[in-house]
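A.B. asks: Next up is a structure, given as structure tokens.
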Amino acid sequence: MKPKKDQILSLLKEKTIISGETIAKELTISRTAVWKHIQNLKKEGYKIQSIRQKGYKLQDLPEIPIAEIKQRLSYSSLWHSLQYYPEVTSTNETVKDLAKKNHPEGTVIIAGVQTKGRGRRQRRWTSTKGGLWFSILYRPILPPQKAMIVTMATSIAITQTIRSITGIDVHIKWPNDILYKGKKICGILTELSAEMDQITYMIIGIGINVNNTLPDDLNDTATTIKTIRSQKISLADLLTRSLENLDEWYEHVKKHDTRLIQQRWLEYSDTIGKHVQIKDGGTVIEGIAKGITENGGLIIETKEGMKQIVSGDISYL
Ligand code: BT5
């Protein structure tokens with residue numbers, strides 16, 4: 001049996017105008033309950049007009065129809081809670097609030113626009129309409145030093161998604177960018193809360209430039225799928241496939257298939273073999289990127305020998 005909200009949506013789609021009374025009768029619920037469901041549908045981005053004496057009229061669908069995506073993912077035991085908001089400050093912030101209130105893993109927040117989208121180290125992430133901005137709550141049974149494996153699995157899943165849906169040959173730049181011909185198409189932000197030996201929760205925020213327009217100052221370093229393909233791409237398809245692939249790769253994390261994750265990451269990597277410079281706080285390390293450790297650290301051959309880098313900002317020389 002479909003939830004009442006989804007049943008109301010089906011009725012709205014069938015009829016040009018339908019009264020609150022008719023909906024209430026058909027679903028055997030009160031008119032107040034109908035009104036509440038309608039308000040929730042509006043929050044999800046459905047444009048529903050209330051016409052006096054007549055009823056409700058569905059005027060427009062959201063770009064990301066959550067109810068339909070949930071149905072497409074109904075086989076998955078991970079994605080039990082997907083919520084879409086037309087506008088939030090940052091989806092990572094919304095998920096953090098839910099994490100603190102003990103929401104379970106597999107909670108996903110998607111936004112049409114972010115007013116304070118964040119990158120790493122409090123950098124700004126431009127998140128205007130047309131992009132895919134979403135964050136996921138995970139509670140992996142892992143020590144904090146192994147958190148990077150979840151980020152690696154995420155990069156793999158998103159690389160596969162972009163490749164399969166758009167045909168664009170993207171690669172992963174360590175630690176967390178997805179690039180096409182050197183330009184950033186997607187950024188991933190991992191945030192963590194942990195005890196000494198166990199992660200309490202992890203929030204992974206994913207921002208994909210799809211049909212959005214970038215500000216001029218990002219044109220040299222970033223691009224969008226629409227720019228490359230010269231056509232609009234369905235955000236709903238991209239999100240659904242992302243969640244399918246993320247589910248599959250999170251299974252590998254849970255089964256500790258570290259080797260497989262490492263191998264696939266290397267296969268998709270844009271960084272290995274390159275002459276790189278990594279800045280982390282005051283330290284600067286230069287050398288040739290040679291590989292990745294089980295914990296996601298970059299292995300660099302420097303003049304002083306092999307080094308492992310766990311975090312920092314990388315540039316290619
Ligand atoms: C990242 O940071 O690449 C992580 C971006 C994560 C964004 C997602 S969207 C959903 C979730 N909610 C959030 O608030 N964040 C996550 P970093 O490596 O620090 O890169 C940031 C830098 O990328 C900025 O300083 C800009 O130079 C550049 N930038 C900003 N917006 C961009 C965009 N839309 N596309 C490409 N580059 C961008």
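The values are calculated or read from the model by the stated rules, or taken from the named source; none is laboratory data. Just so it is clear, the structure is predicted and the values come from calculations on it, not from any experiment. Cβ placement follows ideal geometry from the backbone for every residue including glycine, while neighbour counts extend to all protein chains displayed. Just the protein is used for accessible areas: all its heavy atoms, side chains included, with ligands, DNA and RNA removed. Shrake-Rupley method; radii C 1.70, N 1.55, O 1.52, S 1.80 Å.
A.B. asks: Can you tell me the 0 to 90 degree angle between the C-alpha axis of helix 4-14 and the longest principal axis of the chain, rounded to 10?
C.D. replies: Once rounded, one gets 70 degrees.
A.B. asks: Net charge around residue 220, counting only other residues with Cβ within less than 11 Å of its Cβ (Lys, Arg = +1; Asp, Glu = -1)?
C.D. replies: Values: positive: 183, 184; negative: 216, 217.
Net charge around residue 220: 0.
A.B. asks: Using a 1.4 angstrom probe with every protein chain in place, what is the largest-first accessible-area order of 128, 28, 240, 221? Could the numbers behind the result be given before it?
C.D. replies: Numbers: 128 60, 28 120, 240 5, 221 80 Å².
Accessible-area ranking of 128, 28, 240, 221, largest first: 28, 221, 128, 240.
A.B. asks: Quick one: 3J(HN,Hα) in Hz for the range 229-238, Karplus 6.51/-1.76/1.60 with θ = phi - 60°, rounded, Gly and Pro as x.
C.D. replies: Using θ = phi - 60°, the values come out as 8, 6, 7, 6, 10, 6, 5, 5, 5, 5 Hz.
A.B. asks: Mind checking the dipole of the chain: about its Cα centre, +1 per Lys or Arg Cβ, -1 per Asp or Glu Cβ, Debye to the nearest 20?
C.D. replies: 1120 debye
A.B. asks: Can you tell which of 55, 143, 298 lies farthest toward the positive end of the dipole of the chain, using +1 and -1 charges on the Cβ of basic and acidic side chains (Lys, Arg; Asp, Glu)?
C.D. replies: Final value for the positive-end residue is 55.
A.B. asks: A follow-up question, please. Tabulate in residue order the Karplus-calculated ³J(HN,Hα) for the range 189-202, using 6.51 cos²θ - 1.76 cosθ + 1.60 with θ = phi - 60°, rounded to whole Hz; enter x for Gly and Pro.
C.D. replies: 10, 9, 10, 9, 10, 8, 8, 3, 10, 8, 6, 7, 8, 9
A.B. asks: Right, another one. Can you give the angle from 0 to 90° between the axis of helix 31-43 and the longest principal axis of the chain, with both taken from C-alpha atoms, to the nearest 10?
C.D. replies: Helix 31-43 and the main axis of the chain meet at about 30 degrees.
A.B. asks: Can you give me the distance in nm between label points at residue 100 and residue 87, each placed 7 Å from the Cα along the Cα-to-Cβ direction?
C.D. replies: Spacing of the two 7 Å Cα→Cβ label points: 2.3 nm.
A.B. asks: Using alpha carbons only, how many degrees (0 to 90, rounded to 10) separate the axis of helix 148-166 from the longest principal axis of the chain?
C.D. replies: Tilt relative to the chain: about 60 degrees.
A.B. asks: Can you sort 165, 109 by solvent-accessible area, 1.4 Å probe, largest first?
C.D. replies: 165, 109
A.B. asks: Under a Cβ-Cβ cut-off of 12 Å, what is the net charge of the residues other than residue 93 that fall near it, where Lys and Arg count +1 and Asp and Glu count -1?
C.D. replies: In short, +2.
A.B. asks: What ranking of 95, 284 comes out by heavy-atom accessible area, probe 1.4 Å, highest first?
C.D. replies: Details: 95 0, 284 80 Å².
These residues rank, largest area first, as 284, 95.
A.B. asks: Given the C-alpha centroids of the range 1-56 and the range 254-292, what is the distance between them in whole angstrom?
C.D. replies: 51 Å
A.B. asks: Normalising by the residue count of the range 130-259, find the relative contact order in percent from Cα pairs under 8 Å and 6+ residues apart. Before the final figure, lay out the partial values.
C.D. replies: Working: 219 pairs, mean separation 43.3, N = 130.
RCO, the range 130-259: 33 percent.
A.B. asks: Which value, in Å², gives the accessible area per residue of the range 154-259 when a 1.4 Å probe is used on the protein heavy atoms?
C.D. replies: Values: 4420 Å² over 106 residues.
Here the per-residue accessible area is 42 Å².
A.B. asks: For the range 279-285, what does the Karplus curve 6.51 cos²θ - 1.76 cosθ + 1.60, with θ = phi - 60°, yield as ³J(HN,Hα) per residue in whole Hz, taken in order and with x for Gly and Pro?
C.D. replies: Those phi angles translate into 10, 9, x, x, 8, 10, 10 Hz.
A.B. asks: Around residue 67, under 9 Å between beta carbons, what's the net of Lys plus Arg minus Asp minus Glu among the other residues?
C.D. replies: Numbers: positive: 2, 5, 70; negative: 6, 44, 68.
Around residue 67, the charge tally is 0.
A.B. asks: Which value at 222 nm does the chain reach when only helices count, each DSSP H run of 4 or more adding -39,500 (n - 2.57), with the total divided by all residues and rounded to the nearest 500 deg cm²/dmol? Show your work: numbers first, answer last.
C.D. replies: On the way: 9 runs with 104 residues, N = 317.
One gets -10000 deg cm²/dmol as the mean residue ellipticity at 222 nm.
A.B. asks: What accessible area per residue comes out for the range 4-60, rounded to a whole number of Å², with a 1.4 Å probe? Intermediate values should be presented prior to the final figure.
C.D. replies: Values: 3510 Å² over 57 residues.
Value for the range 4-60: 62 Å² per residue.
A.B. asks: Take every DSSP beta bridge with both residues inside the chain and express the antiparallel ones as a percent of the total, to the nearest 5. Write down the numbers at each step before the final one.
C.D. replies: Numbers: 53 of 62 bridges.
The antiparallel fraction comes to roughly 85 percent.
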